[in-house]
1. Take the residues in the range 169-212 that are assigned to a loop (DSSP other than H, G, I, E, B) and of a type in the set (A, V, I, L, M, F, W, C); name whichever of them is surrounded by the fewest Cβ atoms within 10 Å (Cβ to Cβ).
2. Step by step: first the residues of the range 196-233, then only those that are farther than 15 Å from Arg179 by Cα and small (Gly, Ala, Ser), then the one that is modelled with the lowest pLDDT. Which residue is that?
3. In the range 18-30, what count of residues is obtained for those that are part of a helix (DSSP H, G or I) and buried (at least 18 other Cβ atoms within 10 Å of the Cβ)?
4. Being of a type in the set (Gly, Ala, Ser), surrounded by 17 or more Cβ atoms within 10 Å (Cβ to Cβ) and assigned to a loop (DSSP other than H, G, I, E, B): is that true of Gly247 here?
5. Does Ala218 satisfy the condition of being farther than 20 Å from Leu117 by Cα, under 15 Å from the mean Cα position of the chain (by Cα) and not charged (D, E, K, R)?
6. Identify the residue in the range 145-175 that is among the charged types (D, E, K, R) and modelled with pLDDT of 90 or more and, among all such residues, is farthest from Ala199 (Cα to Cα).
7. Mind listing just one residue for me: the one in the range 182-195 that is closer than 17 Å to Leu126 by Cα and aliphatic (A, V, I, L, M) and, of those, modelled with the lowest pLDDT?
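The values are calculated or read from the model by the stated rules, or taken from the named source; none is laboratory data. Model, not experiment: these values are computed from the prediction. Cβ: placed from backbone, ideal geometry, glycine included. Neighbour counts: every protein chain shown.
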Amino acid sequence: MNWRERAQRLRTVPLVSVLQLSGAQADRCDPRKWHTGRGVLSVTGTQFMNWNCGRGGGGAIDLVMHLHQLGFGQALEWLESHFGTAPIVAASPPPRPALSLPPPCPEHLAAVRRYLLQERRLPAALLEPLVGSGSLYADARANAVFVLRGKLQEPVGAELRGTTAVAWRGMASGSRKDRGLFAIPAVSLLAATVLCESAIDAISCHALYPQYRCLSTAGARPNPAWLPDLLGQARQFYCGFDHDDTGEAMARSMMTLYPAIQRLRPSRKDWNDVLRLGT
């Protein structure tokens with residue numbers, strides 16, 4: 001078998017198989033996202049993109065070259081050492097855990113309110129409707145829980161934010177960031193929409209720009225699966241990601257994918273800093 005035949009066969013190795021053998025970890029919330037030693041990769045079919053360094057490619061050979069910093073011939077040898085010449089069978093994707101929202105713990109709600117009002121300076125007038133609708137509550141660890149909702153307003157996940165002395169953030173187990181989002185106000189409006197990196201930033205941005213509907217992408221993600229459906233619902237879309245290296249890189253990627261989206265940059269690192277500290 002010459003090198004062209006070898007390459008043609010090895011390009012069909014499933015990218016998931018390469019990622020698993022390379023020690024990559026599947027994201028708990030986004031089935032297309034993988035955490036690797038080279039950064040976070042988005043995988044769609046045979047294509048991959050590393051948003052941390054702005055590089056991507058197609059097929060197993062390109063992926064091995066990228067992950068392991070190998071030349072073309074070395075990548076072929078790496079793939080053959082793992083897959084040989086036997087027929088290539090697609091690997092099954094890792095099982096996805098079911099959504100498990102933390103149960104509400106009303107006795108910690110006062111502490112969560114104090115944190116959001118006093119430390120984050122979020123307006124009570126915006127928080128109370130969220131609490132009343134169940135989109136914001138406290139869990140047993142005194143985390144603020146911001147619920148992500150799908151098309152039918154069903155819970156599909158939650159952002160968790162620590163409110164104690166230990167700074168912490170995460171997602172509820174089984175969250176599906178590809179199926180829903182956190183929005184303020186929650187109802188669909190035809191007003192301009194701003195995409196923010198977190199629920200706290202979305203609330204902060206709405207406090208600063210009450211004429212805008214503000215959404216959280218639950219992390220700086222340039223291509224949320226729900227975004228194309230929303231683009232036709234608003235007069236104008238802005239990317240309001242953080243004013244830092246990651247936020248700027250992800251904003252550029254988003255605007256490349258969706259040229260109709262414009263940049264709305266916070267004057268400080270993020271919208272909550274602008275709200276707390278002023279411009």
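1. For the range 169-212, the residue satisfying everything is Val187.
2. Within the range 196-233, the match that is modelled with the lowest pLDDT is Gly232.
3. Start the filter on the range 18-30 by keeping residues that are part of a helix (DSSP H, G or I), which leaves 18-21.
Next, only the ones that are buried (at least 18 other Cβ atoms within 10 Å of the Cβ) stay: 18-19.
Within the range 18-30, residues that are part of a helix (DSSP H, G or I) and buried (at least 18 other Cβ atoms within 10 Å of the Cβ) number 2.
4. no
5. yes
6. Here the answer is Glu154.
7. Result: Leu189.
Table: residues versus (1) modelled with pLDDT under 85; (2) under 25 Å from Ala218 (Cα atoms); (3) polar (S, T, N, Q); (4) surrounded by fewer than 20 Cβ atoms within 10 Å (Cβ to Cβ).
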{"residue": "Arg11", "(1), (2), (3), (4)": "yes, no, no, yes"}
{"residue": "Val16", "(1), (2), (3), (4)": "no, yes, no, yes"}
{"residue": "Arg32", "(1), (2), (3), (4)": "yes, yes, no, yes"}
{"residue": "Glu77", "(1), (2), (3), (4)": "no, no, no, yes"}
{"residue": "Ala86", "(1), (2), (3), (4)": "yes, no, no, yes"}
